[in-house]
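This report refers to the structure that appears directly beneath it.
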Amino acid sequence: MEHGAARDSLTELRRGVLEFCVLALIRDREEYAFAIVRALGNAGGLVTSEGTIYPLLSRLRRDGLVTTRWRESVSGPPRRYYRITQEGRNALEAFIGDWGRFRGAVDALLAGEGQGR
Amino acid sequence: MNAMHPDPLVRDYLGRLDAAAWPLSADRRAELATEVRDHIEAALAEEGRRDEVAVRNILERLGSPQDIVAAEASRQPGGAPIIVNVASPPAGTWGPLEVAAVLLLTVGAVVLPVFGPLIGLLLVWMSPRLGRREKAIGTLIFVLLVVLPILGLIAVVPGGSAPVSGWMRLA
């Protein structure tokens, strides 16, 4: 497998998990978009293009997994805060289960490969 | 359209984002523009400086407008479509093809006679963004700048110093 193909897989992986990472970030508190982007950046390697967060947030709103409200800000114009909905919690719980199984299976296979035959 | 941003790099970026966002509905296009604008402002405030290096880094981390708009087109279970314009970009917006065509037709007549405008005319007819009226105007320019002078040359040259006799010979 070429390096390019492996990197494409990584891009697809990121794309698949990113919305659940966002939901996890706002599981216990509401946050505004820029703070979410920063938190994802700090998590390391999850977001290559920060701007793509905004389409993602838009889709989460459309799908009813988050709601938003505007709040005044002392440091500038009002900010839009994102908050998880019950549907969002359900989706996140389902993903956590799926991810645990997926990660376990992949880790086991990768470990097996490493030992060789 | 939003008010112009003071920084030229940001203004250029937002312009490219607006152009790239033609497939989106007008509402979503405006909303995305605001979100990206607010992001840039927040990032600049966080940096504490607004010099060119800071702006470039922020815009680079944002990613290309094309990538951002591409991310809009992900699966939607239901509801109104966000991507509404799946056909060619709206007429009237010129891309590099159209600019090259115009340049070749006009400047090309001087710099690269006959061939420049010929290629320019070809590009005009190939362009999906130019309407019939623009294509007709392009053809007219070609005729005026290329065809007529060629006919004039044919008339003048064989007839020696007398253009009138040359025309009469052709007739």
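The values are calculated or read from the model by the stated rules, or taken from the named source; none is laboratory data. Please read all numbers here as calculations on a predicted model, not as lab measurements. Every residue, glycine as well, gets a Cβ built from its backbone with ideal geometry; the counts of neighbours run over all protein chains shown. Note: accessible area is taken over every heavy atom of the protein model, side chains too, but ligands, DNA and RNA are not part of it. Shrake-Rupley method; radii C 1.70, N 1.55, O 1.52, S 1.80 Å.
Interface burial in segment A:23-56 reaches 20 Å² or more for A:F34, A:R38, A:S49, A:E50, A:G51, A:T52, A:Y54, A:P55, comparing the full protein assembly with the chain by itself; accessible area from heavy atoms with a 1.4 Å probe. Accessible surface buried by the A/B pair amounts to about 1700 Å², both sides summed, 1.4 Å probe. In chain A, the calculated helix contribution to ellipticity at 222 nm averages -21500 deg cm²/dmol per residue, counting -39,500 (n - 2.57) for every DSSP H run with n ≥ 4. The residue among B:L9, B:S25, B:A42 whose Cα reaches farthest toward the positive pole of the charge dipole of segment B:1-44, with charges on the beta-carbon of Lys, Arg, Asp and Glu, is B:S25. When only alpha carbons are used to place a centre, segment A:1-78 and segment B:26-59 end up 16 Å from one another.
Fully extending the segment from A:T11 to A:N42, taken as 0.36 nm per residue of separation minus the present Cα-Cα distance, adds 9.4 nm.
In sequence order, segment A:60-75 has phi-based couplings of 4, 5, 4, 7, x, 8, 9, 10, 10, 8, 8, 9, 4, 10, 5, 9 Hz under the Karplus curve 6.51 cos²θ - 1.76 cosθ + 1.60, θ = phi - 60°, and Gly or Pro positions carry x.
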